[in-house]
Amino acid sequence: QAGARGLISRVLARELRSAREAAKEAIEAAIEAEDVAQLRAAIADAKKARLDAGPLGAQVVRDAEAALAKMEAAERAKAAATEALTKALATLTLSDTVSANTRSRDADVRAMQEAIGNAAACKGFDALLLERGRGRLKALQEEEERRVAEVERRRQEEARLAALAAAEKAGEEKKLAEERRKREEEEARKVREAAAAEEELMKQQEQQQAAAAAEAAAAAAVAAGTPMVLDPSMDEEAAAQRAIEEEEELRGRVLRQLEAEGISYKSATEDVLEYAVYLGMMLPEDINLLWIADEALQADDPEGWEQHESPNGDVYYVHEVTKQRSWQHPLDYQYQQLYLEKKAEQASGVATPAAKGAATPSSVGTAVADKTGGDDQFGLSPGPGLSASGALTDEQLKRVLQNLLGTNHADLKALLSEPANCKAPIRCFVQRHKSRMGGGRYDFFMSISKNDDMYCFTAKKHSVAKGCYYSISLDQDDQKRSKAGHAESFIGKVRSDRKSLEYTLYDDGVNPDGKEKEKTKGGPLRRELLYVNFINSLRNRNPGAMLVVVPRCDGEGNAVMLRPTAEKDSIGERSKRGDLEGLVVMKNREPKWNPVSNMYQLDFHGRATMASCKNIQLHPKDGEPTNVSFLMGKVEENKFNVDFKGPFSCLQAFAFALIVFDNSSGAF
């Protein structure tokens, strides 16, 4: 029995020793493989085999537990790094599509860099995820480098353009200063020469006067014994005053003579006389040559010349091709030479018409309205296509206008100021009366038949501190048109800003902010009928770019009533902030390239026969370019065809033509 028990003990001891050896080997294998689950199971088996009962086994178990803790910590770090990198990738993707905050983007990039660093430090990290993170980070860094480079490039380009603009401005100012200096020196030289010549003449006159005085004194002394004392300075002042009075009296006699002979001109007679004297004419000797001064005042500026203003306010002209500058109007010399030629012809016996080019009311050549008397509301007077015996009655003309415009308004102002409701465009024309002495007049006529033209409006320009405005009247008589707009014939006003870029058409209502509001209590506030904004900037390459806005019309031709009481409710302010409810935006029709003529062309269907920057067609911005609502074309030096249809009215068409005239020398 003792031997059997010993044998059993030895067998159990060998099995325990084998189990401990197996547990030790399992621990070593798990540590080498860095398998957390295998190591955890091996430690449990070692403890079950009581490997830690002995000092050496206990040390093995402790080392295994320490390795297990280290491996578990590494696993946790790896999981945290994976989560951080995945979150960084998702955050950056969302930031690309939603956020443009540079500061937030920089924080996300820094977070991704940290997550990639932690992931790279983890042993056995997902290589694909790590590579994806690195690739995304590299792309973002390259994108940031490109953005920084683009910002720097833009900054350098803006600095270069600013430097070029400053240099160009400085060069222009230098040229102007040099020209002004030369001109001042030339004027000073002429003044000195004139002063010297005048002084020499005065000396000669004084000598002659002294000699005459000496003779008179001698004679007086012999006769009466008392010498005569003369006052030359008093005689000179009296002579100058007498010369001024004689010149005024002479002009008055010439004016009365012209009125008596029934001679009138397209320009104001006073302006014609003043410009005639400027050309060197002698009155009344050259009274039959005054047509030259009138023709000069009516002539357009020569092609290629542009008017400019120097820093000190002097007006000069520059040729756009040769860059030649002239402080005298380019046509002055031409008409001075024409006067001298006609003067020479007269001297040689060649007959000259007494008043060539003189225009009288009966020779205007179109039917005009007479609002100064009679009961004819529409005021149609005889013209070349409308004889006195065949003149239309009030009722007949009303029906003609209603059929032509497609509306049912019974009042003349309503017929002319409310939108047309017709499919075919209404043919009209503007007659321009230029005056180089300032102002200028424009008459608007409507073709009511193939042979008859009806006078509609007259407009005249007025300069004010805030820019300028055109008063539009139903009367051609200057004396009967009111600048303040209180006359019965007043129908509207076109006002511009200081830079002549923004224009607004108002009817004859009351200005809500004006002084006339108190004088006309109970009257309707003025309507806004048209707004034009010429888009003029350094970046705009289209000189004719503009924004044209009119009130929208319904199917019967009734326009939306716009009577703003505050600036923020005006058409201009609403269009600037994109509030276009109840408004129609018009667009300038663009020309098409013609490969045959090798140029851009636009078909005006015979309504424009002369090249001009005032030739223009408008169509709704959201409509077809062929659906033209407004057309303006030059046919003579001072005559322009104007065709319109809804949503334009006759008044709006005339107002836009005035705006084109006013802006053509600036932004347009």
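Points worth noting:
- Every listed requirement among (1) under 22 Å from residue 122 (Cβ atoms); (2) open to solvent by less than 50 Å² (accessible area, probe 1.4 Å); (3) at pLDDT below 80 is met by residue 99 save one, (1).
- If the condition is being among the charged types (D, E, K, R) and open to solvent by less than 90 Å² (accessible area, probe 1.4 Å), then segment 154-186 contributes 157, 172, 178, 179, 180, 183, 186.
- Counting only residues that are over 24 Å from residue 86 (Cα atoms) and either surrounded by 14 or more Cβ atoms within 10 Å (Cβ to Cβ) or touching a residue at least 60 places away in the same chain (Cβ under 8 Å) (or both), segment 133-153 holds 0 of them.
- Single match in 339, 333 (criterion: modelled with pLDDT of 80 or more, over 24 Å from residue 450 (Cβ atoms) and of a type in the set (Ser, Thr, Tyr)): 339
- Within segment 578-592, being closer than 26 Å to residue 632 by Cα, open to solvent by less than 60 Å² (accessible area, probe 1.4 Å) and not aliphatic (A, V, I, L, M) holds for 582, 588, 589.
- Within segment 27-66, being within 16 Å of residue 122 (Cα to Cα) and surrounded by 15 or more Cβ atoms within 10 Å (Cβ to Cβ) holds for 34, 36.
- Scanning segment 248-273 for residues that are hydrophobic (A, V, I, L, M, F, W, C) and within 23 Å of residue 335 (Cβ to Cβ) turns up 250, 254, 255, 258, 263, 268, 272, 273.
- Segment 122-132 - residue that is without any contact (Cβ under 8 Å) to a residue 12 or more places away in the chain and among the hydrophobic types (A, V, I, L, M, F, W, C) and, of those, nearest to residue 308 (Cα to Cα): 128
- Test: residue in segment 608-630 that is of a type in the set (D, E, K, R), open to solvent by less than 50 Å² (accessible area, probe 1.4 Å) and at pLDDT below 90: yes
- Segment 489-521 - residue that is modelled with pLDDT of 75 or more and among the acidic types (Asp, Glu) and, of those, least open to solvent (accessible area, probe 1.4 Å): 507
- The number of residues in segment 561-577 that are of a type in the set (Val, Ile, Thr) and open to solvent by 70 Å² or more (accessible area, probe 1.4 Å) comes to 1.
- Sole exception among (1) surrounded by 15 or more Cβ atoms within 10 Å (Cβ to Cβ); (2) at pLDDT below 85 for residue 550, by number: (2)
The values are calculated or read from the model by the stated rules, or taken from the named source; none is laboratory data. Owing to the predicted nature of the structure, the values given are computational and were not obtained by experimental measurement. Here the Cβ is made from the backbone with ideal geometry for all residues, glycine too, and neighbour counts use every protein chain on show. Areas reflect the complete protein model, heavy atoms only, side chains present, ligands, DNA and RNA absent. Shrake-Rupley method; radii C 1.70, N 1.55, O 1.52, S 1.80 Å.
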